[in-house]
Amino acid sequence: MEMTSRIEMDEDNDNRGSMWDLDQKLDQPMDEEAGRLRNMYKEKKSSALLLLRLAFQSLGVVYGDLGTSPLYVFYNTFPGKIEDPEDVVGALSLIIYSLTLIPLLKYVFVVCKANDNGQGELISVDGDMYHWSHTHPCCHAGGTFALYSLLCRHAKIKTIPNQHRTDEELTTYSRSTFHEQSFAAKTKRWLERHVSRKNALLILVLVGTCMVIGDGILTPAISVLSAAGGIKVDHPGMSNGVVVVVAVVILVGLFSLQHYGTDKVSWLFAPIVLVWFLVIGGIGIYNIWKYDSSVLRAFSPVYIYRYFRRGGKDGWTSLGGIMLSITGTEALFADLSHFPVAAVQLAFTVVVFPCLLLAYSGQAAYLMSNRDHVVDAFYRSIPDSIYWPVFIIATAAAIVASQATITATFSIIKQALALGCFPRVKVVHTSKKFLGQIYVPDINWILMILCIAVTAGFKNQNQIGNAYGTAVVIVMLVTTLLMTLIMILVWRCHWILVLLFTGLSLVVECTYFSAVLFKVDQGGWVPLVIAAAFLLIMYVWHYGTLKRYEFEMHSKVSMAWILGLGPSLGLVRVPGIGLVYTELASGVPHIFSHFITNLPAIHSVVVFVCVKYLPVYTVPEEERFLVKRIGPKNFHMFRCVARYGYKDLHKKDDEFEKKLFDSLFLFVRLESMMEGCSDSDEYSLYGQQTERSREGLLNNNGNGNTITSYADTTISSVDSIVPVKSPMHGSMTVRSSEHVSSQTETDELEFLNSCRDAGVVHILGNTVVRARRESRFYKKIAIDYVYAFLRKICREHSVIFNVPHESLLNVGQVFYV
């Protein structure tokens, strides 16, 4: 046996050639990975304690909005007088089962499982377990975008066709395979078959997104106004106008301080919300004990039937107020980017759910004996001895809920921008310590103006509540429809389970939706108007972006034309590097031919830079850049695709240009190493590969990525492609002592460095998009007027990419789409 093993080892050693040596050099554990292996046992031991800590921190992010609902639910349910005490029991029963069916069963135990690519997982950093952003309780990820991105990875439903097979090699890009005859495969083909279905799905996602933006306007308005309304209870003679002024002052201060970020105060959010839940739960117990413990019979659903039988149409329309008891539920899924599913579930089942049930039951017990106090039921039910401390806590909780919603709106705008569904706006990263803290100045002031207009215009919680309920129920309907597709395409559940979930959810949510329709003329029109305006902006921008991309794809320059120009490209090659920005991830853009046709010179090195957003939550920094060579080596032309997830931020201080060149230099080294390991007859003079494919030359088993070098046999796409890892970490660079550079490699690296020292110029296209003369009138209106106006008022590409003005060169073009 020993001899056999020795023979096998000798044979293996004989088979170890240069490729094996190269693989051993590249396939080394990263420092982070080695750290994770060393601390794996420690992670398991500390996971329970960490879960409790994350559950505590999730209170300040996820549950602020849901927790402040007791301030206004009963008033919006009974805007007039309570005629029958049994109506209070019936309303309480509806609240109990609404909280049970929607937040608890649907979101906590079903929707939360649809986290995008394992968002919320625990990771190890320097031996301790942390969630990547758990220390930052104020950044959100829109649930509808996470679901849409998940669907885009499992089906070709993305309307802008810029996918590439290398995208699927990312560690965060997970997808499932289908059996051809399965129901999931048939559904996938049905969605992919017609463009209209893709557009319908996109519009559905945009509607949900627009309603969430509406929440960013209505949540601060109703939360702050309801909290400020407590002043009148202690001072009955105070007019409602004073309360409105106080609320407006708080809102102005809240929005004006957004640009500072929340670094220094975010640690207070979770304690404030926890104290708030404990206080309202304690007050609820006190009121049940003092006023009427018989309200606990509302846990029987029979009182729901009696409530509707007794109330008729009025009872049905009162569901619009009951609906407010579950506002903020969508945050349960939207905030999975920051906390594990288990932490969100633990916080809800142990703290949030019981405290809310106690709070609503206590208010109901108070109203059984004080039916005339429904307007300020929450504040009037507070014992006099703790009134002002509770008022302060309520105001603080309302501000926390508002802050979380505002920041969520910023994040959703950022995600829409990444998916090409929103005009370019400036995104500011407000913290160097916490990932995800962003501030969007333009959106901030729009939200403030609209929020103040809603608060000062309606002046009371009732009409704002009607508007709020409309927005929330539409978001829930959108989530249900998207979750149905997730269950079919991603989870591949049995059709009975899909039907059960979808049917039950739609019955409950359509019931609420029918109730809020009765209140459209009483304030419910506000979110519809806001959503319609944002939907128009987002869809027209996406439509114009798609048409511009299609034009660039159809007019891109062939490689045959480039090769026909020769190494000098028919021009004078001046020292320096030209970074040509384009939206194309393949091919030579039309802007390049336009540039060299009108100018007699071009830089010695040309790099086509494509900043591309993928339908994934994030792209690891070490997988950010994908570098290719275009044409023969003596052309000195490259392509660099910078890949981002919809939550990644292109920051001003992230040294983008430096990392790009580091990746370019690393590409040259890897390419030289692979050529040294290959047979000399596998490449032609221009770097073309023969019919024998060399895909999969190098496999990095440590992270699942493949480093390849290949090119098509046709002259139209002579590309040498190597996904390179960011050389940020020392372990990612090839040790020079083990790799002897060839003279060609050394010369090229020296040439690139000299060109870089000579200067770098950023070349951006300043395009004007026009509809063709034969286009239909609605297309001309959309492109020539709406899209043109949006492009005029939005930020320039140079601002988004943080390009310095002294090295910027704009190339003007007119696209007729």
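Per-structure values
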read-out	value
Flag for S593 being among the polar types (S, T, N, Q), more than 33 Å from the chain's Cα centre (by Cα), in a loop (DSSP other than H, G, I, E, B) and not assigned by TED's automatic domain parsing to the domain that holds I438	no
Condition broken by G311, with the remaining ones in (1) under 26 Å from D87 (Cβ atoms); (2) free of Cβ contacts under 8 Å to residues at least 12 places away in the same chain; (3) not charged (D, E, K, R) satisfied	(2)
Single unsatisfied condition, I446 versus (1) among the β-branched types (V, I, T); (2) in contact (Cβ under 8 Å) with a residue 60 or more places away in the chain; (3) more than 21 Å from Q57 (Cα to Cα)	(2)
Qualifying residue in region 5-25 (condition: under 30 Å from the mean Cα position of the chain (by Cα) and either modelled with pLDDT under 50 or closer than 30 Å to A394 by Cβ (or both))	no
First in region 190-214 and not assigned by TED's automatic domain parsing to the domain that holds F422, second anywhere and surrounded by 19 or more Cβ atoms within 10 Å (Cβ to Cβ), Cβ under 7 Å, 6 or more apart	none
Filter pass, L278 being assigned by TED's automatic domain parsing to the domain that holds V89, closer than 19 Å to A55 by Cα and surrounded by fewer than 20 Cβ atoms within 10 Å (Cβ to Cβ)	yes
Residue in region 501-508 that is surrounded by fewer than 19 Cβ atoms within 10 Å (Cβ to Cβ), in contact (Cβ under 8 Å) with a residue 40 or more places away in the chain and over 21 Å from W316 (Cα atoms) present	no
Filtered residue count, region 569-590, keeping only those that are within 24 Å of K659 (Cα to Cα), part of a strand (DSSP E or B) and of a type outside the set (A, V, I, L, M)	4
Considering residues of region 570-586 that are crowded, with 21+ Cβ neighbours inside 10 Å and either within 31 Å of the chain's Cα centre (by Cα) or of a type in the set (G, A, S) (or both) only, the residue farthest from K633 (Cα to Cα)	T582
Helices (runs of 4 or more DSSP H) wholly inside region 743-817 that include at least 3 residues being aliphatic (A, V, I, L, M) and assigned by TED's automatic domain parsing to the domain that holds F656	743-758, 788-793
Meets criteria (hydroxyl-bearing (S, T, Y) and either free of Cβ contacts under 8 Å to residues at least 24 places away in the same chain or within 30 Å of A365 (Cα to Cα) (or both)) for S266	no
Search result, residues across region 463-493 that are within 18 Å of Y107 (Cβ to Cβ), touching a residue at least 24 places away in the same chain (Cβ under 8 Å) and among the polar types (S, T, N, Q)	T479, T480
Restricting region 779-817 to residues that are of a type in the set (D, E) and without any contact (Cβ under 8 Å) to a residue 24 or more places away in the chain, the residue that is surrounded by the fewest Cβ atoms within 10 Å (Cβ to Cβ)	E806
Set V249, V244, V233: member being free of Cβ contacts under 8 Å to residues at least 24 places away in the same chain, out of contact with any Gly (no Cβ under 8 Å at 6 or more places or on another chain), assigned by TED's automatic domain parsing to the domain that holds T329 and not hydroxyl-bearing (S, T, Y)	V249
Verdict on Y439 being within 22 Å of G328 (Cα to Cα), surrounded by fewer than 21 Cβ atoms within 10 Å (Cβ to Cβ) and of a type in the set (S, T, Y)	yes
Those residues of region 95-107 which are under 20 Å from A365 (Cβ atoms), surrounded by fewer than 24 Cβ atoms within 10 Å (Cβ to Cβ) and among the hydrophobic types (A, V, I, L, M, F, W, C), in sequence order	I96, L99
Members of region 162-189 that are closer than 27 Å to C610 by Cβ and either without any contact (Cβ under 8 Å) to a residue 60 or more places away in the chain or in the same structural domain as V611 (by TED's automatic domain parsing) (or both)	Q163, R165, E168, S174, R175
Pairs where the first residue, in region 347-366, is within 12 Å of L66 (Cβ to Cβ) and the second is of a type in the set (S, T, Y) and not in a helix (DSSP H, G or I), C-beta under 6 Å, 6+ apart	V352/Y63
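The values are calculated or read from the model by the stated rules, or taken from the named source; none is laboratory data. If you're wondering where the values come from, they're calculated on a predicted model, not measured in any experiment. Neighbour counts are summed over all protein chains in view; Cβ atoms, including those assigned to glycine, are modelled from backbone coordinates with ideal geometry.
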